[in-house]
Amino acid sequence: MRVLVLGSLATELGTAARIVRSRGGGIVQADTEEAALAALRRDGTIGLVFADLARDLAWLIAALRGERIGVPIVACAVAARAEEAVAAVRAGAREFLPLPPDPDLIAALLAEASGDANTPIARDPAMLACLARAEQIAGSDATVLITGESGTGKEVLAHHIHRQSRRAAARLVALNCAAIPETLLESELFGHEKGAFSGALARRVGKFEAADGGTLLLDEIAELDIRLQAKLLRALQQREIDRVGGEHPVKVDVRVLAATNRDLRAEVSAGRFREDLLFRLDVIALRIPPLREHPLDIAPLATHFARRYATLNGLPERALTPAAIERLGAQTWRGNVRELENTVHRAVLLAAGSSIEAEDIEITGTLVRPAGVQEPGHAAPAVTTAPGLAALVGRRMEEVERDLILETLHRTEGNRTHAASMLGISIRALRNKLRDYTRQGLAVPPPASGIA
């Protein structure tokens with residue numbers, strides 16, 4: 001991926017840039033906020049900004065929002081005060097990177113921004129069959145619809161298909177349709193012309209043009225607004241797109257992979273997804289099984305994650321003991337591979353011995369120990385619970401989330417924008433939750449007067 005560096009390459013930012021290049025990334029440099037904005041307008045392939053904290057990041061972030069450019073910004077500084085880093089994040093920076101830069105941290109930031117993924121790890125026949133089907137169709141240009149529960153690895157499979165395709169030498173551009181506000185999404189997908197809307201001060205290349213010759217992954221495709229679905233359908237059928245405010249169509253050569261954890265046929269029945277678009281996307285369907293359906297992969301995945309996070313955190317590699325593997329294998333993993341990854345990452349940080357033991361494994365925040373085993377020389381400790389948390393024990397996560405969302409809405413008197421900000425989610429995600437609750441027959445507070 002390409003990274004824009006806002007600041008002097010003669011400083012520690014230059015060290016960060018060299019690390020990016022060593023990881024296969026490209027560098028675009030800008031000395032001023034205005035030059036950075038101009039570069040981001042004309043180059044839709046820039047996926048991340050490393051910006052000197054001394055620059056006016058609040059101005060740049062506001063300008064990017066005004067022009068509907070959704071590129072994440074990482075604030076960088078040497079020996080910055082904590083309040084400065086917090087202020088940058090509150091202004092809209094995605095992360096704070098302390099300088100001199102840590103190569104592993106930069107690698108993690110690049111991986112997160114690009115959606116880069118490791119080669120799928122599979123030993124179980126169920127997952128091997130899924131990979132075999134993916135590799136069988138990878139060489140074609142057919143549109144692929146990847147389905148599966150949240151956390152199963154849909155983006156991992158998409159990258160695997162791209163690497164096996166004839167487009168592997170070109171880039172894969174990923175866009176999470178649920179992570180981009182509706183007001184920005186059309187411009188992110190199709191780009192815009194100068195003057196297309198208030199704040200559009202220059203032409204902007206969208207993801208379709210950025211992926212020209214390569215692959216475009218549309219993750220969480222079910223979250224795409226119904227109006228944009230029509231425009232996407234035309235792009236798939238005609239292999240051309242219309243920039244926002246454009247007068248002439250632009251030809252593109254893009255293979256589209258779409259991913260979702262929703263049942264699109266149910267979404268069609270509910271009137272939230274176009275049936276013709278579903279038919280156009282569903283040329284080849286790939287369903288990734290939940291982790292509970294390929295349990296033989298738990299041990300190799302856990303071993304892989306243990307090595308990976310030991311390296312990223314600068315810790316010695318510790319093997320998972322048979323008891324730890326057994327403990328992991330006994331879980332249902334409702335969060336699938338993502339939950340397993342987070343659990344192993346936590347165990348890597350908690351382990352103190354020469355290996356990762358069963359007692360180092362925490363599942364959903366509860367320390368798991370083999371039955372009857374206590375700390376040496378100690379009686380079973382009493383469990384202390386923070387005030388108010390006792391009422392949550394034994395309840396499903398979905399119920400706790402629902403009650404939190406509805407109570408927050410009550411507290412904000414129906415102001416959904418404020419509620420979404422307090423909850424740390426997008427307004428679109430909040431609306432989708434409320435829509436689901438309404439379908440379930442729950443009472444949802446009406447929007448505040450004049451506020452969506």
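Do you know which residues across the range 352-367 are aliphatic (A, V, I, L, M), under 28 Å from the mean Cα position of the chain (by Cα) and at pLDDT below 90?
Those that are aliphatic (A, V, I, L, M), under 28 Å from the mean Cα position of the chain (by Cα) and at pLDDT below 90: ILE363, LEU367.
Conditions tested, residue by residue: (1) in contact (Cβ under 8 Å) with a residue 60 or more places away in the chain; (2) exposed (fewer than 15 other Cβ atoms within 10 Å of the Cβ); (3) touching an Asp or Glu at 6+ places or on another chain (Cβ under 8 Å); (4) within 23 Å of LEU340 (Cα to Cα).
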{"site": "LEU110", "(1), (2), (3), (4)": "yes, no, yes, yes"}
{"site": "MET127", "(1), (2), (3), (4)": "yes, no, yes, yes"}
{"site": "CYS130", "(1), (2), (3), (4)": "yes, no, no, yes"}
{"site": "ALA138", "(1), (2), (3), (4)": "no, no, no, no"}
{"site": "LYS154", "(1), (2), (3), (4)": "yes, no, yes, yes"}
{"site": "PRO181", "(1), (2), (3), (4)": "yes, yes, no, no"}
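The rows are residues; the columns are (1) of a type in the set (A, V, I, L, M, F, W, C); (2) closer than 17 Å to LEU216 by Cβ; (3) at pLDDT 95 or above.
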| residue | (1), (2), (3) |
| --- | --- |
| ARG123 | no, no, no |
| ASP141 | no, yes, no |
| LEU145 | yes, yes, yes |
| ARG163 | no, yes, no |
| ARG166 | no, yes, no |
| ARG171 | no, yes, no |
| ALA174 | yes, yes, no |
| SER187 | no, yes, no |
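Criterion applied to PHE305, PHE279 was being touching a helix residue (DSSP H, G or I) at 6+ places or on another chain (Cβ under 6 Å) and either at pLDDT 90 or above or under 29 Å from ALA132 (Cα atoms) (or both), and the one residue passing it is PHE305. Where helices (runs of 4 or more DSSP H) fall wholly inside the range 87-172, the ranges with 2 or more residues that are closer than 30 Å to ALA62 by Cα are 103-114. Of all residues in the range 78-97, which are surrounded by 16 or more Cβ atoms within 10 Å (Cβ to Cβ) and either hydroxyl-bearing (Ser, Thr, Tyr) or more than 30 Å from SER198 (Cβ to Cβ) (or both)? Selection gives ALA80, ALA85, PHE96, LEU97.
The residues of the range 281-305 that are of a type in the set (A, V, I, L, M), surrounded by fewer than 20 Cβ atoms within 10 Å (Cβ to Cβ) and over 19 Å from GLU357 (Cα atoms), listed by number, are VAL283, ILE284, ALA285, LEU296.
Quick one: count up the residues across the range 178-193 that are within 17 Å of ALA235 (Cα to Cα) and among the polar types (S, T, N, Q).
Number satisfying all stated conditions: 1.
Candidates in the range 189-203 are the residues that are within 15 Å of GLU34 (Cα to Cα) and of a type in the set (Gly, Ala, Ser); of these, the one that is surrounded by the most Cβ atoms within 10 Å (Cβ to Cβ) is ALA200.
GLY206 meets the stated requirement of being buried (at least 19 other Cβ atoms within 10 Å of the Cβ), touching a residue at least 60 places away in the same chain (Cβ under 8 Å), of a type outside the set (Ser, Thr, Tyr) and over 24 Å from ARG272 (Cα atoms). Among the residues making up the range 213-252, those that are touching an Asp or Glu at 6+ places or on another chain (Cβ under 6 Å), part of a loop (DSSP other than H, G, I, E, B) and more than 30 Å from ARG435 (Cβ to Cβ) are GLY213, ARG243, GLY245, GLY246, PRO249, VAL252. Checking VAL256, VAL252, VAL268 one by one, the residue that is in contact with a strand residue (DSSP E or B) (Cβ under 7 Å, 6 or more places away or on another chain), of a type in the set (A, V, I, L, M, F, W, C) and without any contact (Cβ under 8 Å) to a residue 60 or more places away in the chain is VAL252 and no other. Scanning the range 306-363 for residues that are hydroxyl-bearing (Ser, Thr, Tyr) and either crowded, with 18+ Cβ neighbours inside 10 Å or assigned to a loop (DSSP other than H, G, I, E, B) (or both) yields TYR309, THR321, THR332, THR343, SER354. Do we find a residue being surrounded by 22 or more Cβ atoms within 10 Å (Cβ to Cβ) and either among the β-branched types (Val, Ile, Thr) or outside the structural domain of ASP360 (by TED's automatic domain parsing) (or both) anywhere in the range 237-252? Yes, there is a match, as at least one residue in the range 237-252 is surrounded by 22 or more Cβ atoms within 10 Å (Cβ to Cβ) and either among the β-branched types (Val, Ile, Thr) or outside the structural domain of ASP360 (by TED's automatic domain parsing) (or both).
Hey, any hits in the range 295-303 for a residue that's outside the structural domain of LEU189 (by TED's automatic domain parsing) and among the hydroxyl-bearing types (Ser, Thr, Tyr)? So far as the range 295-303 goes, yes, one or more of its residues are outside the structural domain of LEU189 (by TED's automatic domain parsing) and among the hydroxyl-bearing types (Ser, Thr, Tyr). Determine whether PHE273 is outside the structural domain of SER140 (by TED's automatic domain parsing), in contact (Cβ under 8 Å) with a residue 40 or more places away in the chain and not hydroxyl-bearing (Ser, Thr, Tyr). Considered against the rule, which asks whether it is outside the structural domain of SER140 (by TED's automatic domain parsing), in contact (Cβ under 8 Å) with a residue 40 or more places away in the chain and not hydroxyl-bearing (Ser, Thr, Tyr), PHE273 comes out as no.
The values are calculated or read from the model by the stated rules, or taken from the named source; none is laboratory data. This one's a predicted model, so the numbers in the text were calculated from it and none came from an experiment. Reconstructed Cβ throughout: ideal geometry from the backbone, glycine too, with neighbour counts over all protein chains shown.
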